[in-house]
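Novice: First, the structure itself, so that you have it in front of you.
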Amino acid sequence: MTRALLALEDGTTFPGRSLGASGETFGEVVFNTGMSGYQEVLTDPSYARQIVVMTYPHQGNYGVNAEDAESWGVRVAGFVVREAARRPSSWRAQRALGEYLAEAGVVGIDDLDTRSLTLHIREAGAMRAGISTDDLDPGSLVERVRRQPGMAGADLARTVSTERPYVGDGQGPVRFRVAAFDWGLKRNSLRLLARSGCATTVYPALTPAEEVLREGFDGVFLSNGPGDPAATPYAVETARRLLGRVPVFGICLGHQVLARALGGSTYKLRFGHRGANQPVVDLDTARVAVTSHNHGFAVDPAGWEAASSRSRGGGDPTTAVAAMRGTPVVHTNFGRVALTHWNLNDGVLEGLRCVDVPAFSVQYHPEAAPGPHDSVELFDRFTALMEAAR
Amino acid sequence: MPRRDDIRTVMVIGSGPIVIGQACEFDYSGTQACKVLRREGFRVVLVNSNPATIMTDPEFADRTYVEPLTPESVLQVIERERPDALLPTLGGQTGLNVAVALAEAGALEDYGVRLIGASLEAIRRAEDRRLFVRTMAEAGLPLPRSGFAHSVAEAEAVAGSLGYPVMVRPSFVLGGGGTGIAAGPEELRLIAGEGIAASPIGEVLVEESVEGWKEFELEVMRDGADNAVVVCSVENLDPMGVHTGDSITVAPAQTLSDREYQDMRDAALACIRAVGVETGGSNIQFAVDPRDGRMVVIEMNPRVSRSSALASKATGFPIAKIAAMLAVGYRLDEIPNDITGETPACFEPALDYVVVKIPRWAFEKFPGADPRLGTRMKSVGEVMAAGRTFREALGKALRSLERDADLGADGAEAPEDILAELGRPAEGRLALVEAALRRGHGVDEVATASGIDPWFVDQIAQVVEEADALAGRRLARLSAEDLLRAKRAGLSDRRLAVLLGAREREVRAARSAAGVRPVFKTVDTCAGEFPARTPYFYSAYERETEARPSARPRVVILGSGPNRIGQGIEFDYACVHAAFALRQAGYETVMVNCNPETVSTDYDTSDRLYFEPLTVEDVVAVCEAEDPIGVVVQLGGQTPLALAGELEAEGFPILGTTPASIDLAEDRGKFGAVLRRLGIAHPPHGEASSAEEAAAVAARIGFPVVVRPSYVLGGRAMEIVYSEDELAGYLESATAASPAHPVLVDRFLEGAIEVDVDAVADGAEVYIAAVMEHIEEAGVHSGDSSCTVPPVTLSDDELDEIERLTRAIAGALDVRGLLNIQFAVKDERVWVLEANPRASRTAPFVSKATGVPLAKAAALVLVGRSLADLRHEGLLPADDAHYRRLRHVAVKAAVLPFGRFPGVDTVLGPEMRSTGEVMGIASDLGLALARAQAATGAALPSKGTVFVSVSNRDKRSIVFPVKRLWDLGFRILATRGTAALLARAGIEASPVDKVSEGHPNAVDLIRGGRVDLVINTPFGREPRSDGWSIRTAAAATGVPCITTLQGAFAAVQGIEALLRDREEPRSLQEYHAGSWAG
Ligand SMILES: Nc1ncnc2c1ncn2[C@@H]1O[C@H](COP(=O)(O)OP(=O)(O)O)[C@@H](O)[C@H]1O
Ligand SMILES: Nc1ncnc2c1ncn2[C@@H]1O[C@H](COP(=O)(O)OP(=O)(O)O)[C@@H](O)[C@H]1O
Ligand SMILES: [Mg+2]
Ligand SMILES: [Mg+2]
């Protein structure tokens, strides 16, 4: 058994057992409360430079396979679990979790009290951390963790993006042509776009808006992605140029970027939302969806002048939402924007809809993978928007 | 969408007596519902025939009717209470069936009662397999291929087209009754025949068998705005073919990838929407082919179920409570999550621990029953444990069973053809898995043979490896790291002691010295994302503990563990009362229990809940964490009582009667000496370590004698023996006597009236809550016999004497708290059978009958309150003989599970076999008896045919009751001997052949539905006798069958009462008000 050590910038350390590759890794430590879907998490580009703690203790039970990867490979900086399965079992399993990480050269750790770690992150906030199988001295590892850059101000979208444009796999008859900005795009978004009748061309992060507009697409999809939205002025600029000229659908980072393009602001959450069980109400329909989340930043509803008074996080979100009759609308540089989606757990703004231009976005992941499929119909809303704009 | 305001009075239907397939989980759900409905300002009318439930405590509803759960009697309550709405989804299948019957008969419409929670149409779409199949097909949800049949021939035709094996399932039957998997036509004829008979509409579904596939369950909730969430996923460790109620189950699902899980979730949501359950919870079962992932829907229960109770405990999401709120109009997002206090209920719990449930069976009580596990549920209870890993949870669950079934046991006695045996699952299959692994069979080989997923088998293999690595090592040589490893593998101290050749106490001491102690983690519904307000803990060997004791004085209450025959809901009832009373008295209450079905393991019953096994190891760990002022051991039955001595030795004070006094009562030798000193009569007895000694003891005290092994409880293997030969036979077949395991021999008091007494003592005085007179004679276990309050035939002198003896024994044992004594009254002399210094099975019945909160009073005595105080406060009545002067009569009757175990004899004896009880209450004995009998599910007929066949001993006495039935217009059938006798008394009884005499015989008539009541007293012990055939036929067809003379007398009184004017049912609140006033 190879030992490993997890160290946090505040000096907390957890000894454990090496999982995956040997060596050392650094990143922001965050936790994910989903009980299944570790392979999708590992391969989600939005986790770039993050060390992900899975709160469910048994991971790797059903192994990994070729189909469930959400991108070309493992994208997390490190992986922390209570116990990685020694013997995976599934008719689809091709490999064990540990092997998969090792092959990807990703350093992980298991056999530690991940609940204690999670509670610590909840209280102290997401922070810099490192896992090492080489340096088992707590003092020294903590010291080196402290020398790493933090997540605030990190522009990561461009680092995970595709290098050149490509066309996504089709599926059935094509009704719309869509351009997708890859700031950390997941494969399932492409699949769902295809299923809704979209032929999608994927563009690198830094592609200028004009280049895309020139192609005459029916709509533009702004993908999810890692890092601080405030550190991606190029993306915000792109969104600003697209708004009003083509229907836009943004998710996660795409939503944050859209909000900034609308003149809004974003902020960093203490420890973020990562999991598959977040209740989000859509005030347009008054329906609640159970949604898949992976975000450490959020859009501040108070960033717009006319925003209805509402504190960010805190308060009793249930009564806040119940008290809210209809969807609050704010005024932006692109006209009216309805603040449609709200997280019922903590009152975080989770989605918006432009009233005067064809654009909408959500903070969470309607493409799921992993997580519930409750919101896949948002892809149909996108096609409806494109249909209407024709 | 807030609370509906078009409803004022809501009727809630409970699930009746505890039976296999329907246990106290419905008390848990019903109690939650009643609580929340009242809190919301509704007037709640409750009907439930089970007096041992918390929900039937008068303070949980505005009107509580302890009445039979039959459409007729529920309708009487509706006529009287005029509810606006009926909530049918919380009372199990029983509650649902009653509601459906009333709705279909148009009765609900007549009285303007609305069904809330689920509409009649939705219930039908889920329950009627024909509609279900169509509904699923329309929703595009896959089911196993199938066809319907109304005759055996039709069934064969369907099976022929599907190909064998096939699964047979009757419509509208609960707990897998009448189902089975047929490998070929021969088996099919048998199973289909039974299934058609079992189905109330004579229909079975013959379906493609998916035996061996993986089985999963999802618990879904939906609100009136169509928001829906999956509360919990459950994976069965046992494959399809073993009923989920008999399966070891694990939450959350372990071996589904997110894709597969989300597809299943989509299917579950589509299912609840298609069936149309508008609000509330449903349970949906799936099967998945492990070879290619093909998924089919197995069934959906449109109501709160056994699994939803488990899911609630496993996740902290109170399904029943929320279902009740949804039924009255709230939406999921309007209901707060109690555990976090901040987030709404409209979310899906995230677990960061593993939960394992293991059923508990009682096959040893039913010789002749088929011990194989199949599609019919056979278990009588279950345990649940949580751990940070599956192994930790499994280890805890196994020791929670109190079965010596730890993992890591060596499989020395495993059979030769172990792999073949693994394919025929029975209770001990995990031990077989271990044994097979130890014998060198690989994980895959064992998985294939057993149908258990390789992931689980590998987990067990890891435990086996840990255990094997320790075997033969010395405790003193183990490092702290070694010990921690062993504990993290889920090995118990007891198991380690065996492996290391040490004592359990030494292992505990070594652990303590090495600092290897469990920590406590919180069940918080959100995997740590939000702080939890509710202290609901489980232990784990991890780094950080979350249990921090408060500053208030704390009392630890030990629950009663898994339901089993002899120790069930009644003890949980007492524990819950203690929690309520002590909390109110300002103590912080700490509950320890491992039974997920109970009210005691609801997180808001006590201030703090530890979901832990009731073993010394685990209870000591809780006590170390909580540092209580004392531990309550006397309310949870025998389980906690047995821990008293060791807990005291570990330095934790026992509240109430001391361990030394407990021992004085429990040890028959010592107790005999106490009685002799007091000059109290008790049957002469002796102990024997060999067959010769037993014969000698019997000769000394005289036949008949009662014999039993000394080391088991609950009347296990207890028998009445009339002769030397029978004694020798008993010692050969039932229990060999040995010095390590002696046999106890008592003189059997034949023809004695048995009496139960429940009392509380505070050291200064004794409060006698009730003297109960049994209907059956001594010799029928007190748990199986019917009894009445107030007593009916005992004179005041006899009652005075019984009370005097109770006081004397309470004094001699220095009882503090509850005391239960069983007496036998014979020849005007009162004998003591046994004394139990603890809560009794009858305590809740006594409280319901008399209105006196006995368990609450006892709990307060435990913390030092005096009976005088309690009387002064009005908690106890001023009148000491209150129970004698009630203006009503309450009858308790037992419910026996014979219908579940075809072929098992139904004769009652000194070994308890009932699973539950009901109460009948009325202004006179006859009607109370008739109501109790109706509540058991075998209502007495008021006309029709009675079949009589009694032993020679009873022939003379039977004439009178049969004459009375004859006079009342019943047709009498009798076996020849009995018929001749009856003829001499002027009763025209038609003679009927015995089974041995040809056809048509008595059994043919019973099976053909031509008999409405059977009176049959046993002739002796010979197996497979005529009597046996008659009784098992009655059990199979559900015809009331009376096997004792006293029972026959009582039945006649009941029938007479039924034929008299109808007396309307009254609520407990009314009965109690009347009796307090008196
Ligand atoms: N088609 C089938 N093939 C094999 N086993 C089955 C099939 N259908 C059900 N079973 C088994 O029988 C058990 C009981 O069936 P179920 O439909 O769930 O009835 P119940 O109402 O008793 O829960 C299931 O738990 C499962 O193990
Ligand atoms: N000496 C006896 N004479 C008559 N009946 C007896 C005698 N001893 C026990 N019984 C019967 O056996 C039943 C069970 O015996 P008991 O000692 O109460 O055991 P348990 O611990 O199972 O309650 C009693 O309820 C009673 O009906
Ligand atoms: Mg079932
Ligand atoms: Mg007894």
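The values are calculated or read from the model by the stated rules, or taken from the named source; none is laboratory data. These figures come from a predicted structure and were not determined experimentally. Quick reminder, even Gly has a Cβ in these numbers, built from the backbone with ideal geometry, and neighbours come from all protein chains shown. When the accessible area is computed, the model is the full protein with side chains, heavy atoms only, and any ligands, DNA or RNA have been set aside. Shrake-Rupley method; radii C 1.70, N 1.55, O 1.52, S 1.80 Å.
Novice: Let me spell out the model: positive unit charges on the Cβ of Lys and Arg, negative unit charges on the Cβ of Asp and Glu, origin at the Cα centre of the range B:355-480. What dipole size does that give, in debye rounded to 20? Numbers along the way, then the final one.
Specialist: On the way: 18 positive and 21 negative charges, 105 e Å.
The calculated dipole for the range B:355-480 is roughly 500 debye.
Novice: Let me ask something else about it. Using the Cα gyration tensor of the range B:1-51, with a ≥ b ≥ c the square roots of its eigenvalues, what is the shape: rounded (a/c below 1.5), prolate (a/b larger than b/c) or oblate (neither)?
Specialist: Verdict is prolate for the range B:1-51.
Novice: Given a 1.4 Å probe and every protein chain left where it sits, what share in percent of the accessible area of the range B:818-958 is carbon and sulfur? Let's see the in-between values first.
Specialist: On the way: 1930 of 4260 Å².
On the range B:818-958, the fraction of accessible area on carbon and sulfur atoms equals 45 percent.
Novice: How high is the relative contact order of the range B:68-137, given as a whole-number percent (alpha carbon pairs under 8 Å, six or more residues apart)?
Specialist: Result for the range B:68-137 is 31 percent.
Novice: Taking 0.36 nm per intervening residue step and subtracting the Cα-Cα distance, what contour gain separates B:Glu186 from B:Glu121 on full extension?
Specialist: Values: separation 65, 0.36 × 65 = 23.40 nm, distance 3.69 nm.
So the extension gain works out to 19.7 nm.
Novice: What translational diffusion coefficient, in µm²/s and rounded to a whole number, does the Stokes-Einstein relation yield for the range B:976-1067 at 20 °C and a viscosity of 1.002 mPa s, taking the hydrodynamic radius as the Kirkwood radius over Cα pairs? Don't skip to the answer; put the middle values down first.
Specialist: Numbers: Rh = 14.9 Å.
The Stokes-Einstein estimate is 144 µm²/s.
Novice: Would you work out which of B:Pro302, B:Thr389, B:Leu1005 lies farthest towards the positive end of the dipole of chain B? Charges go on Cβ: Lys and Arg +1, Asp and Glu -1.
Specialist: Of the listed residues, the answer is B:Leu1005.
Novice: Considering the convex hull of the alpha carbon atoms of the range B:770-827, report its projected area averaged over all viewing directions, in nm², one decimal. The partial results should precede the final answer.
Specialist: Numbers: hull surface 17.9 nm².
Mean orientational projected area (the range B:770-827, Cα hull): 4.5 nm².
Novice: Measuring from a point 7 Å past the Cα of B:Arg8 along Cα-to-C-beta, which residues in the range B:103-139 have an amide N at less than 17 Å?
Specialist: B:111-114
Novice: Whose amide H sits under 5 Å from the amide H of B:Gly561, counting only residues 5 or more places off or on another chain, with H placed in the peptide plane?
Specialist: Those qualifying (amide H under 5 Å, at least 5 residues apart or on another chain) are B:Cys594, B:Asn595.
Novice: Say each of A:Gln94 and B:Ser866 gets a label point 7 Å from the Cα, pointing the same way as Cα to Cβ; how far apart are those two points in nm?
Specialist: 8.1 nm
Novice: Let me ask something additional. Step through the table entries B:Lys826/B:Lys943; B:Lys214/B:Lys378; B:Lys826/B:Lys892, compare each Cα-Cα distance with 31 Å, and write down the pairs that go over it.
Specialist: Values: B:Lys826/B:Lys943 35 Å; B:Lys214/B:Lys378 20 Å; B:Lys826/B:Lys892 22 Å.
In this structure, B:Lys826/B:Lys943 lie more than 31 Å apart at Cα.
Novice: Related question: Using a 1.4 Å probe on protein heavy atoms, which residues of the range A:76-96 have at least 20 Å² less accessible area in the complex than alone?
Specialist: A:Arg82, A:Glu83, A:Arg86, A:Arg87, A:Ser89, A:Trp91, A:Arg92
Novice: Across chain A, where is the longest run that never hits GluC sites (Glu not before Pro) in a DSSP loop with at most 10 other C-beta atoms within 10 Å?
Specialist: On the way: sites that count: A:Glu163, A:Glu305.
The reported range is A:1-162.
Novice: From zero outward in steps of 10 Å, how is the percent of C-alpha pairs of the range B:911-1064 spread across the bins?
Specialist: 11, 42, 35, 11, 1
Novice: For the range B:66-115, what is the convex hull volume of the alpha-carbon atoms per residue, in Å³? Mind showing how you got there, number by number?
Specialist: Details: hull volume 3.4 nm³, N = 50.
Output value, Cα hull per residue: 68 Å³.
Novice: Given points 7 Å out from each Cα along the Cα-Cβ axis, report the B:Ala736 to B:Arg473 separation in nanometres with one decimal.
Specialist: Each label point lies 7 Å from its Cα, and together they span 3.6 nm.
Novice: Then there's this: With the Cα gyration tensor of the range B:795-853 giving a ≥ b ≥ c as the square roots of its eigenvalues, does the rule (a/c under 1.5 for rounded; else a/b larger than b/c for prolate; else oblate) give rounded, prolate or oblate? Before the final figure, lay out the partial values.
Specialist: Working: a/c = 1.85, a/b = 1.26, b/c = 1.47.
Oblate, because a/c is 1.5 or more while a/b does not exceed b/c.
Novice: With axes computed from alpha carbons, what is the tilt in degrees of helix A:377-389 against the longest principal axis of chain A, rounded to the nearest 10 within 0 to 90?
Specialist: Helix A:377-389 sits at roughly 30 degrees to that axis.
Novice: How large is log10 of I(q)/I(0) for the range B:126-242 at q = 0.12, 0.20 Å⁻¹ when the intensity is taken from the Debye formula with one equal scatterer per alpha-carbon?
Specialist: -0.48, -1.13
Novice: OK, next. In the range A:236-287, if every C-alpha pair distance is counted and binned at 10 Å from zero, what percent goes to each bin?
Specialist: 20, 40, 34, 6
Novice: Taking a probe of 1.4 Å, how large is the accessible area per residue of chain B, in Å²?
Specialist: Numbers: 34550 Å² over 1078 residues.
Value returned for chain B: 32 Å² of accessible area per residue.
Novice: Pull up all non-local amide H partners of A:Met151: gap of 5 or more, or a different chain, and H-to-H distance under 5 Å with H placed in the peptide plane.
Specialist: Counting only residues 5 or more places away or on other chains, the set is empty.
Novice: Need one number: % antiparallel among DSSP beta bridges in the range A:127-255, to the nearest 5.
Specialist: Values: 2 of 15 bridges.
Roughly 15 percent of the beta bridges in the range A:127-255 run antiparallel, per DSSP.
Novice: In addition: So how do B:154-164, B:93-103 stack up, highest first, on mean other-Cβ count within 10 Å?
Specialist: On the way: B:154-164: 17.3, B:93-103: 23.4.
Highest to lowest by the protection proxy: B:93-103, B:154-164.
Novice: Let me ask something else about it. With a 1.4 Å probe and all protein chains left in place, how much of the accessible area of the range B:210-282 comes from carbon and sulfur atoms, in whole percent?
Specialist: Carbon and sulfur atoms account for 45 percent of the accessible area of the range B:210-282.
Novice: Moving on. Work out the length of the dipole vector of the protein assembly as shown about its Cα centre, built from +1 on the beta-carbon of each Lys and Arg and -1 on the beta-carbon of each Asp and Glu, and round it to the nearest 20 debye. Show your work: numbers first, answer last.
Specialist: Details: 151 positive and 195 negative charges, 330 e Å.
Roughly 1580 debye for the protein assembly as shown.
Novice: I need the semi-axes of the equivalent ellipsoid of the range A:1-128: take the C-alpha gyration tensor, multiply each eigenvalue by 5, square-root it, list largest first in whole angstrom. If you can, show how the numbers build up before the last one.
Specialist: Values: eigenvalues 98, 44, 38 Å².
Gyration-tensor ellipsoid for the range A:1-128: 22, 15, 14 Å.
Novice: Calculate one ³J(HN,Hα) per residue across the range A:68-80 by plugging θ = phi - 60° into the Karplus curve 6.51 cos²θ - 1.76 cosθ + 1.60, and present them in order as whole Hz with x for glycine and proline.
Specialist: Along the range A:68-80, the couplings run 8, 6, 8, 7, 5, x, 6, 10, 5, 7, x, 9, 10 Hz.
Novice: Hey, what's the per residue convex hull volume over the C-alpha atoms of the range A:15-62, in cubic angstrom?
Specialist: Numbers: hull volume 4.9 nm³, N = 48.
Taking the convex hull of the Cα positions in the range A:15-62, it is 103 Å³ per residue.
Novice: Run through the DSSP bridge list for chain A and note the antiparallel percent, rounded to the nearest 5. Mind showing how you got there, number by number?
Specialist: On the way: 50 of 81 bridges.
The antiparallel fraction comes to roughly 60 percent.
Novice: Hey, could you grab the Kirkwood Rh for the protein assembly as shown? Inverse mean 1/r over distinct alpha carbon pairs, Å, one decimal. Write down the numbers at each step before the final one.
Specialist: On the way: mean 1/r = 0.0294 Å⁻¹.
That comes to 34.1 Å for the protein assembly as shown.
Novice: Go through B:Ala673, B:Pro371, B:Ala324 and say which Cα lies farthest out towards the positive end of the charge dipole of the protein assembly as shown; charges sit on Cβ, +1 for Lys and Arg, -1 for Asp and Glu.
Specialist: Sorting the options by dipole projection puts first B:Ala324.
Novice: Next question, about the same structure. Could you name the lysines in cross-link range of B:Lys35, using Cα to Cα under 22 Å and dropping any fewer than eight places away on the same chain?
Specialist: Counting by Cα, and skipping residues close in sequence, B:Lys35 has these lysines nearby: B:Lys313, B:Lys321, B:Lys848, B:Lys856.
Novice: If you count, for every residue in A:26-34, the Cβ atoms of partner chains within 10 Å of its Cβ, what is the mean?
Specialist: Working: counts 0, 0, 0, 0, 0, 4, 2, 8, 3.
Mean shielding by partner chains, rounded to a whole number: 2.
Novice: Grab the other residues whose beta carbon is less than 14 angstrom from that of B:Arg554, score K and R as +1, D and E as -1, and report the net.
Specialist: On the way: positive: B:Arg548, B:Arg552, B:Arg583, B:Arg608; negative: B:Glu588, B:Asp607, B:Glu624, B:Glu626, B:Asp627.
Net of charged neighbours comes to -1.
Novice: Go from 0 up to the bin containing the longest alpha carbon distance in chain B, width 20 Å each, and give me the % of pairs per bin.
Specialist: 12, 45, 37, 6, 0
Novice: What's the extension gain from B:Phe148 to B:Arg807 if we count 0.36 nm per residue and subtract their Cα-Cα distance?
Specialist: Numbers: separation 659, 0.36 × 659 = 237.24 nm, distance 6.39 nm.
So the chain would gain 230.9 nm between B:Phe148 and B:Arg807.
Novice: Can you give me the long-range amide H partners of B:Thr64? Hydrogens built in the peptide plane at 1.01 Å from N, cutoff under 5 Å, separation of 5 or more residues or another chain.
Specialist: Amide H neighbours of B:Thr64, under 5 Å, 5+ apart: B:Leu46, B:Leu1068, B:Gln1069.
Novice: Let me ask something else about it. Quick check: convex hull over the Cα atoms of the range B:40-133, volume per residue in Å³, rounded to an integer? Write down the numbers at each step before the final one.
Specialist: Working: hull volume 9.5 nm³, N = 94.
Output value, Cα hull per residue: 101 Å³.
Novice: Oh, and also: What are the semi-axes of the equivalent ellipsoid of the range B:372-484, taken as the square roots of 5 times the eigenvalues of the Cα gyration tensor, listed largest first and rounded to whole Å?
Specialist: Details: eigenvalues 121, 67, 34 Å².
One finds semi-axes of 25, 18, 13 Å for the range B:372-484.
Novice: I'd like the interface area for chains B and A: accessible area of each alone minus the complex, both sides summed, 1.4 Å probe, protein heavy atoms only. What is it in Å² to the nearest 100?
Specialist: Values: alone 37040 and 15430 Å², together 47370 Å².
Summing both chains' loss of accessible area gives about 5100 Å².
Novice: Please return the longest stretch of chain B lacking exposed loop sites, where chymotrypsin sites (Phe, Trp or Tyr not before Pro) count only if DSSP places them in a loop and at most 15 other Cβ atoms lie within 10 Å. Mind dumping the intermediate values first?
Specialist: Working: sites that count: B:Tyr711, B:Tyr722.
Looking at chain B, B:1-710 is the longest stretch - no exposed chymotrypsin sites (Phe, Trp or Tyr not before Pro) with at most 15 other Cβ atoms within 10 Å.
Novice: Assuming R0 = 41 Å, can you tell me the calculated FRET efficiency for the pair B:Asp1004 and B:Ile701, based on Cβ-Cβ distance, to the nearest 0.05? Intermediate results must be reported in sequence, preceding the final value.
Specialist: Numbers: r = 44 Å, r/R0 = 1.08.
Using R0 = 41 Å, I get an efficiency of 0.40.
Novice: Per the Kirkwood definition applied to all pairs of different Cα atoms, how many angstroms is the hydrodynamic radius of the range B:748-904? Please list the in-between numbers first.
Specialist: Numbers: mean 1/r = 0.0627 Å⁻¹.
For the range B:748-904, inverting the mean 1/r across all distinct Cα pairs yields 16.0 Å.
Novice: Take chain A, drop everything but the C-alpha atoms, weight them equally and run the Debye formula without solvent; then report log10 I(q)/I(0) at 0.07, 0.11, 0.12 Å⁻¹ to two decimals.
Specialist: Here the Debye-derived log intensity ratios amount to -0.30, -0.75, -0.89.
Novice: Report the antiparallel proportion of the DSSP beta bridges in the protein assembly as shown as a percent, rounded to a multiple of 5. Numbers along the way, then the final one.
Specialist: Details: 152 of 227 bridges.
If I count the DSSP bridges inside the protein assembly as shown, around 65 percent turn out antiparallel.
Novice: Suppose R0 equals 30 Å. What FRET efficiency, 1/(1 + (r/R0)^6) with r the Cβ-Cβ distance, do A:Leu206 and B:Asp292 give to the nearest 0.05? Before the final figure, lay out each step's value.
Specialist: On the way: r = 44 Å, r/R0 = 1.47.
With R0 = 30 Å, the Cβ-Cβ based efficiency is 0.10.
Novice: While we're here: What's the Kirkwood radius of the range A:69-119 in Å, using all Cα pairs? Can you show the working numbers first?
Specialist: Working: mean 1/r = 0.0813 Å⁻¹.
12.3 Å is the Kirkwood radius here.
Novice: Then there is this: Which value, in debye to the nearest 20, gives the size of the charge dipole of chain A about its Cα centre, when Lys and Arg are +1 and Asp and Glu are -1 at the Cβ? All intermediate terms of the calculation are to be shown ahead of the outcome.
Specialist: Numbers: 39 positive and 43 negative charges, 93 e Å.
Charge dipole of chain A: 440 debye, to the nearest 20.
Novice: Here's another thing I want to ask about it. When Cβ neighbours within 10 Å are restricted to other protein chains, what is their mean count per residue of peptide B:225-234? If you can, show how the numbers build up before the last one.
Specialist: Values: counts 4, 3, 8, 5, 7, 3, 0, 0, 2, 0.
The per-residue average across the peptide is 3.
Novice: Continuing with the same structure: Hey, with R₀ at 25 Å, roughly what FRET efficiency would A:Asp284 and A:Arg241 work out to, going by the Cβ-Cβ distance, to 0.05? Display every interim value, and only then the final one.
Specialist: Working: r = 27 Å, r/R0 = 1.07.
That gives a FRET efficiency of 0.40.
Novice: How large is ³J(HN,Hα), in whole Hz, for each residue of the range A:87-95 in order, when computed from phi with the Karplus curve 6.51 cos²θ - 1.76 cosθ + 1.60 and θ = phi - 60°, using x for Gly and Pro?
Specialist: 10, x, 9, 5, 5, 9, 5, 10, 7
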